[in-house]
Amino acid sequence: MRNIKRHPFISFVNIFGLTVGFTCCLLIVIYVINERSYDKFNKNANDIYRVTRIFYSAPNVESLHLSSIAPAFGPRLTSAFSDIKEMTRTLPAGTTSFQYKEKLFNEQNMFFADKNFFDFFTIPGLKGDPHKSLAEPYSAMLTPEIAKKYFGSDDPVNKEIILGNNKHAFKITGIFSPLPVNSHMHPDILVSFSTLNDSTIYGEKQLATNFGNNSFYTYLMFPKDYNVEHVRSQLPDFLDKYCAALGAPAKLKVHNTTSLTLQKLTDIHLNSHLDDEIEENGSSTRVYIFSAIALFILLIACINYMNLSTARSTLRAKEIGIRKVIGAQRKEIITQFLSESVIVTYISLLLAFGLTVLLLPAVNSMSGLQLSVNSLLSGSVLLPVLLLPSIVGLISGIYPALFMSAFIPVKVLKGLFKAQTSTFSFRKILVVLQFTVSIVLIVATTVVFRQLQYIQDKDLGIDKDHVLTMQYDGTLDKQFYAFKVDLLRNPHIENVGRSSRIPSGRLLDDQNASVLQGGSFQPLKVDLKQIAVDEGFIPTFGIKMAAGRNFSHEIKTDSNKYIINETTVTTLGWGTPEKAINKQIKYGNVTGNVIGVMKDFHFESLHQPIIPMILILQPYGRLSIKVSGHNVQSSVSLIRSTWQHYLPNTPFDFSFLDQHFDQLYRSEQQQGTLFTIFACIAIFIACLGLFGLSAFTITQRVKEIGVRKVLGASVPQIVIELSKDFLSLVLIAAAVAIPVAIYAMHNWLLTFASRIELSWWILAIAGIIALIIAFATISIQSIKAATANPVKSLRSE
């Protein structure tokens with residue numbers, strides 16, 4: 001405490017630097033704990049596996065990996081493998097409207113769920129028995145929030161809500177607690193799976209025999225500590241057996257075209273990025289990156305401590321010399337300095353806890369996460385956190401302790417001690433390491449934001465601005481063209497179109513395709529992804545035609561015609577778009593001619609390459625309306641009133657297409673923001689240490705500066721003389737950091753099919769920024785010393 005008071009500036013730099021480092025570590029530890037905790041709240045989490053399905057376009061060439069499978073697989077798996085304890089299925093229903101009296105809402109998170117759903121997922125039941133509430137058809141369970149939305153303060157149990165336009169009544173049999181934030185799915189309404197036996201909803205026969213509708217999320221529970229490899233290894237034979245029973249040729253090895261895999265429940269959030277996840281998952285790579293950043297930032301803070309402790313060794317040299325003269329042994333001096341270091345780190349940790357509590361709401365707001373400081377309070381986490389200052393203190397203090405305890409008392413007390421040579425060279429290495437980490441983070445931040453800017457500015461080949469999209473209601477089919485005509489009477493509404501999917505979604509749907517070659521149809525070796533559309537799809541999204549024409553509502557034969565994109569033409573070897581017109585394609589069971597070729601456009605995110613695509617005239621799923629950029633609110637009001645006129649029992653909910661595209665890159669935007677914050681923190685801590693180190697070094701050279709001034713040196717010359725040693729270290733750091741940054745960011749950019757080039761100027765700017773910041777930091781002390789009166793520094797000589 002005496003030394004802290006005697007040297008308040010250096011003590012502040014040490015404590016504040018360590019506090020910021022610990023705060024970053026605590027925030028990232030909370031984030032990592034949250035990411036690694038997903039689905040572990042389920043009591044049988046380690047014994048539950050999700051069944052996924054892979055499709056192959058050629059042997060061992062994966063074309064599609066779905067996290068859901070067809071409904072008929074679940075019961076057959078349990079009958080084929082006696083080791084499976086239980087199986088449960090769930091089916092997200094998409095946007096679904098429910099009505100209670102005059103209240104009518106669209107729900108986004110309604111799931112059909114098997115009656116044993118609560119045996120798999122540990123969810124408290126608040127009303128009713130969750131293990132029986134989904135046993136009967138047309139029964140439903142709600143979260144408290146949904147119950148309040150429909151029923152207010154009334155008890156909803158045994159009341160009924162009506163499912164959309166189907167007019168099916170569902171009896172409320174219970175209330176369940178919302179699934180925790182750290183769950184891979186969050187249903188608001190659970191409807192009994194047995195309801196799907198109704199042929200107007202799905203059909204009992206379809207559930208038992210359908211192997212093609214891969215929309216059902218299927219979970220298997222195994223005995224405790226069971227080796228699932230026993231089942232996983234038999235899945236290929238299982239597929240061959242059951243598909244042969246359904247009429248597949250005996251010689252056909254079905255597992256070469258499609259396969260089933262098992263995925264551990266607790267691995268879903270961080271390690272599953274399949275083509276139809278229930279919700280967007282996290283990333284184990286991001287967890288490792290942020291963990292590494294936390295360690296690097298703490299390392300930078302530790303380096304500051306070592307640098308400043310060894311730099312101020314001359315101030316404590318006589319103290320150490322006197323201690324040795326009066327009998328102190330080296331181990332006692334080492335113990336003293338290590339204990340001082342540990343005490344300083346514990347003070348920093350205490351301050352860091354307070355800073356973490358203050359900053360966590362801002363971090364949650366910025367990242368969209370729901371992190372809680374309570375994550376640190378469990379015994380398995382709190383104990384390592386409380387031990388961390390001891391480890392950090394020992395690491396930070398060991399070199400200064402060993403160095404200072406080695407002082408020779410005679411030299412120290414005679415004033416012959418010089419703290420230069422080897423100490424200063426070691427400090428140089430530490431400064432280089434600090435700025436290496438900082439420069440890598442500057443490059444990473446710049447590249448991430450450049451790529452995001454590229455994504456925003458890139459011409460996608462479609463017009464995504466001012467396009468409203470919404471769920472299409474099939475009851476509108478008979479009146480659709482009257483509905484469309486009413487909308488288009490308004491000059492601000494430009495086009496209306498329907499499609500099975502909208503741009504920004506994934507292209508998942510395909511059927512067996514073959515083309516006419518040598519007088520017979522030959523199957524394609526690549527997938528040809530389909531979108532079912534009407535004639536309004538192409539003009540609504542501003543898609544340009546390379547050859548041929550669009551579908552026409554007036555031409556009845558267009559029902560067996562096709563429109564493809566330029567990539568399909570190239571893949572099939574048809575030469576030019578013009579040559580592709582009238583070529584024959586057999587798609588599914590329909591043989592038809594190509595009537596148009598679209599110019600290539602990005603339907604999916606820029607992470608994905610443009611792939612072969614085919615449009616078929618069979619609209620369903622989504623409705624999209626293109627409005628002009630003038631008076632958008634008025635256009636939306638007109639669309640709402642027209643919708644309510646034709647569909648009075650269906651809520652009007654919409655979103656804008658550009659919002660969907662922005663959502664595709666939310667993860668990268670969060671990553672860029674966090675990189676910026678961490679880069680600023682790393683540079684700040686490095687500069688804090690550099691500021692303290694330069695202040696101390698300049699203090700030791702006050703008389704030298706005075707002599708230089710007396711001999712005629714100008715202020716700029718003195719500033720350059722004092723700064724050049726430190727700036728040369730930043731240049732060395734840049735030389736080390738740039739190859740590391742190139743390697744890391746090149747690999748990151750490879751995750752995008754369309755990406756920027758890693759330009760040399762990005763790397764140069766990072767080095768220049770570090771140099772400018774370092775020079776500004778050093779100059780504060782350098783200029784102060786260079787402008788001081790030399791008489792004052794020399795008079796005491």
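The values are calculated or read from the model by the stated rules, or taken from the named source; none is laboratory data. The structure presented is a predicted model; accordingly, all values stated were derived computationally and were not measured. Note that each Cβ is placed from the backbone with ideal geometry, even for glycine, and that neighbours are counted across all protein chains shown. All accessible areas refer to the heavy atoms of the entire protein, side chains included, with ligands and DNA or RNA removed. Shrake-Rupley method; radii C 1.70, N 1.55, O 1.52, S 1.80 Å.
Highest first, please rank the peptides 143-150, 627-634, 663-670 by the mean number of other Cβ atoms sitting within 10 Å of their residues.
So the order, starting with the most tightly packed, is 143-150, 663-670, 627-634.
Please list, or write none, the lysines whose alpha carbon is within less than 28 Å of the alpha carbon of Lys159, excluding same-chain residues fewer than 8 places away.
Filter leaves Lys101, Lys103, Lys115, Lys127, Lys132, Lys148, Lys149, Lys167, Lys171.
Counting Lys and Arg as +1 and Asp and Glu as -1, what is the net charge of the other residues whose Cβ lies under 15 Å from the Cβ of Gln670?
Around Gln670, the charge tally is -2.
Based on alpha-carbon centroids, what's the gap between the stretch 552-628 and the stretch 729-797 in Å, whole number please?
Their Cα centres are 52 Å away from one another.
Of all the accessible heavy-atom surface of the chain, with the other protein chains kept in place and a 1.4 Å probe, what percent is carbon and sulfur?
That share works out to 58 percent.
Starting from the exponent 0.38 and prefactor 2.2 Å, build the expected Rg for the stretch 1-78 from its residue count and divide its actual Cα Rg by it.
With N residues counted in the stretch 1-78, Rg over 2.2 N^0.38 Å equals 2.28.
Averaged per residue, what accessible surface does the chain expose to a 1.4 Å probe, in Å²?
45 Å²
Tell me the net charge near Ser57. Cut-off is 12 Å between Cβ atoms, Ser57 excluded, with +1 for each Lys or Arg and -1 for each Asp or Glu.
Summing Lys and Arg as +1 and Asp and Glu as -1 gives -1.
For the Cα atoms of the chain, what angle does the longest principal axis make with the long axis of helix 666-700, in degrees from 0 to 90, nearest 10?
0 degrees
Excluding residues fewer than 8 places away in the same chain, name every one of the aspartates and glutamates whose C-alpha is closer than 13 Å to that of Lys484.
Excluding near neighbours in sequence, the set is Glu494, Asp534, Glu535.
How high is the relative contact order of the chain, in percent, counting Cα pairs under 8 Å that sit 6 or more residues apart?
Value for the chain: 15 percent.
Of Lys224/Lys253; Lys529/Lys586; Lys458/Lys529, which pairs sit farther than 25 Å apart, going by alpha carbon to alpha carbon?
Lys224/Lys253
Relative contact order of the stretch 641-797: what whole-number percent is it, with Cα pairs under 8 angstrom and at least 6 residues apart?
Relative contact order comes out at 40 percent.
What is the distance, in nm, between label points placed 7 Å from the Cα along the Cα-to-Cβ direction at Asp119 and at Ile783?
So the two model labels end up 7.5 nm from each other.
Stretched out fully, how many nm does the piece from Glu160 to Thr209 gain, at 0.36 nm a residue minus the Cα gap?
14.5 nm
Mind checking which aspartates and glutamates have their C-alpha under 13 Å from Lys709, skipping anything on the same chain fewer than 8 residues away?
Glu721
What value, in deg cm²/dmol to 500, does the helix sum -39500 (n - 2.57) over DSSP H runs of n ≥ 4 give at 222 nm once divided by the residues of the chain?
-15500 deg cm²/dmol
From the gyration tensor of the Cα coordinates in the stretch 564-662, what semi-axes in whole Å does the equivalent ellipsoid have, largest first, with each one equal to sqrt(5λ)?
Over the Cα atoms of the stretch 564-662, the ellipsoid semi-axes are 35, 18, 13 Å.
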